[in-house]
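Below: the structure, in structure tokens.
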Amino acid sequence: MSTRASWGSKLGFILAASGSAVGLGAIWKFPYVAGKNGGGVFLLVYLACVLTVGIAMVLAEMSIGHAAKKSATTAYRQLKGGLWPWAGRLSVLCIFLILSFYCVVGGWSMAYLWRAITGEILTQDTQALSNMFNGFISDPLQSIAYTTLFLTATALIVMGGVQKGIERSSKILMPALFILMLIIIARVLTLPHAIDGVMYFITPDFSKINGPMLIEATGLAMFSLSIGCGIMIAYGSYVDTETRLPGATLWISLLAVLACILAGLMVLPAVFAFGIDPSAGPGLTFITMPAIFSQMPAGAAFAVAFFLLLIFAALTSSVSLLEPIVAFLMDEFNVARPKATYLIFAAVFLMSIPAALSFGPLADYKLFGKNPFDLMDYVASNIMMPAGGLLAALFVGWSIWPRIHQTLSAQNAAAILPAFRVICAVIAPVVILLVWAHNL
Ligand code: PFF
């Protein structure tokens, strides 16, 4: 049997795992959800979620993978058996669904990079931009072509393996992503009235706190930390015994939070500078931002930088969605990496077609009132991810606690263990059940 792949360095591991976390959730979703929910106060609630339950859940999943040195299904079987491997299979199905629609949005980002390069999207006319966006996403050929392009890029990286594919690409893409964000922020902050956006983003207005907002913050924290779908289990399985998991987890969570803050600082001040409603919603990235860039000096270059960073963010996340499925075939059925990657590529390609056609030919094919894209998103994000997170938390908090306790104690983490256990065993399950009940 071949030896298990491992990360080449701790830094590589941290960048790859934070690459999974930092994705469309941080760059696309966070700014508009924060914009919609009162800015500063949402940021504060979000930070509280990530730095308590979020961070503990990442550590819990990492610890499962680290203990078994296997991806989710095999890890659950090795560590406990019984019905637990079904928690792993659930997570494989969950990321399969997520990847199938994630690639569609990744494809949109690629298409918009091209349009930024050609200058096509640089107009102030938001109605024209809106028509252009809707025209593009409803065009079957273009949607499928760009989705496939993005999926191919993802598969090529995964094909390269843990060190030469995932780790190496993360070491380039993650620093590039942060640098591009800083450059755009520097530009945006020098716009007139940008400071109003900054103030909106950092000044909490506590009157805006309400139940749905708390739920939304928790759900986004889970999605943006890639919790509940076995990714951190797979990534944790490639960690060597010397790497201290709690420290690495802290770094990963901090980078994820930093990315959200930077994304907020990139988008919200620009929105204020041009007098746009910060709660513009999902169209903020593809409709509002191009309009903003078109009004900025040297806006074309910043538009290119913006869509490039969106692609980088999406790519490191989609890689983390594909890897655990490939690892599942490798661990469970002894399939070699290239063959596993081809097989999953083909399956995801097929599944992504209905997602890609959801805004065009299949727009009216609805189940439970949702088109295929929305249905996949809903089932994966609102049902399967919380279920996966709940099971992982219970598994660590109750089922294999002595083992986790021993490993983490040996890593000088004894001080955090009581709090960690309470979160895994009680708090996280309760919070997840609340979010779940609300979303259903
Ligand atoms: N964390 C990624 C993001 O915020 O875009 C998305 C994601 C990746 C979600 C992997 C879930 C997941 F399993």
For Arg77, what charge total do you get from the other residues with a beta carbon under 15 Å from its beta carbon, if Lys and Arg give +1 and Asp and Glu give -1?
+3
Just to compare against my own numbers: the Cα pair-distance distribution for the stretch 169-229, 5 Å bins, whole % per bin, please.
4, 13, 11, 15, 18, 19, 14, 5, 1
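How much net charge surrounds Ser320 when only other residues with a Cβ under 13 Å from its Cβ are counted (Lys, Arg +1; Asp, Glu -1)?
Values: positive: none; negative: Glu61, Glu167, Glu323.
Net of charged neighbours comes to -3.
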How fast does the chain diffuse by Stokes-Einstein, in µm²/s, taking the Kirkwood radius from C-alpha pairs at 10 °C and 1.306 mPa s?
73 µm²/s
Cα-based helix-to-principal-axis angle, 211-224 vs the chain, degrees rounded to 10:
70 degrees
Given the chain, longest segment not containing exposed loop trypsin sites (Lys or Arg not before Pro) (DSSP; at most 14 other Cβ within 10 Å):
5-365
Semi-axes, largest first, in whole Å: what does sqrt of 5 times each Cα gyration tensor eigenvalue give for the stretch 22-131?
38, 21, 11
Where the chain is the region considered: accessible area per residue in Å², 1.4 Å probe
37 Å²
Going Cα to Cα from Lys171, which aspartates and glutamates come in below 20 Å? Please leave out same-chain ones fewer than 8 positions away.
Asp240, Glu323
The simple spin-label model distance between Leu83 and Ala336, using points 7 Å out along Cα→Cβ, in nm, is 3.9 nm
Gaussian network model of the chain, Cα springs within a sub-10 Å range: biggest mean-square fluctuation belongs to which of Ala415, Ala186, Ala34?
Ala415
Against the longest alpha carbon principal axis of the chain, how many degrees, from 0 to 90 and to the nearest 10, is the axis of helix 245-273 turned?
10 degrees
In whole percent, how big is the carbon plus sulfur part of the accessible area of the stretch 1-141, probe 1.4 Å, protein atoms only?
63 percent
Return the subset of Lys80/Lys164; Lys10/Lys339; Lys29/Lys366; Lys10/Lys164; Lys69/Lys164 for which the Cα-Cα distance in this structure is over 22 Å, preserving the input order.
Lys80/Lys164; Lys10/Lys339; Lys29/Lys366
Please find, in a Gaussian network model of the chain (springs between Cα atoms separated by less than 10 Å), the residue of Pro324, Pro402, Pro354 whose mean-square fluctuation is greatest.
Pro402
Within the chain, what is the longest stretch that has no GluC sites (Glu not before Pro) placed in a DSSP loop and near at most 13 other beta-carbon atoms within 10 Å?
243-440
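What number comes out for the charge environment of Ala5, summing +1 per Lys or Arg and -1 per Asp or Glu over other residues with Cβ under 15 Å away? Each step should come with its number before you reach the end.
Working: positive: Arg4, Lys69, Lys70, Lys164, Arg168, Arg337; negative: Glu167, Asp240, Glu323, Asp331.
That works out to +2.
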With each run of n ≥ 4 DSSP H residues scored as -39500 (n - 2.57), what mean residue ellipticity at 222 nm is computed for the chain after dividing by its residue count and rounding to the nearest 500 deg cm²/dmol?
-22500 deg cm²/dmol
So how tilted is helix 337-356 from the main axis of the chain? Cα-based, degrees 0 to 90, rounded to 10.
40 degrees
At a 10 angstrom cut-off on C-beta neighbours, averaged per residue, how do the peptides 127-138, 174-185, 150-161 rank from highest to lowest?
150-161, 174-185, 127-138
May I ask for the distance between the Cα centers of the stretch 195-241 and the stretch 243-257, given as a whole number of Å?
14 Å
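The values are calculated or read from the model by the stated rules, or taken from the named source; none is laboratory data. This one's a predicted model, so the numbers in the text were calculated from it and none came from an experiment. As a convention, Cβ positions derive from the backbone with ideal geometry for all residues, glycine included, and neighbour counts pool all protein chains shown. Quick note on the areas: whole protein, heavy atoms, side chains included, nothing else; ligands and nucleic acids left out. Shrake-Rupley method; radii C 1.70, N 1.55, O 1.52, S 1.80 Å.
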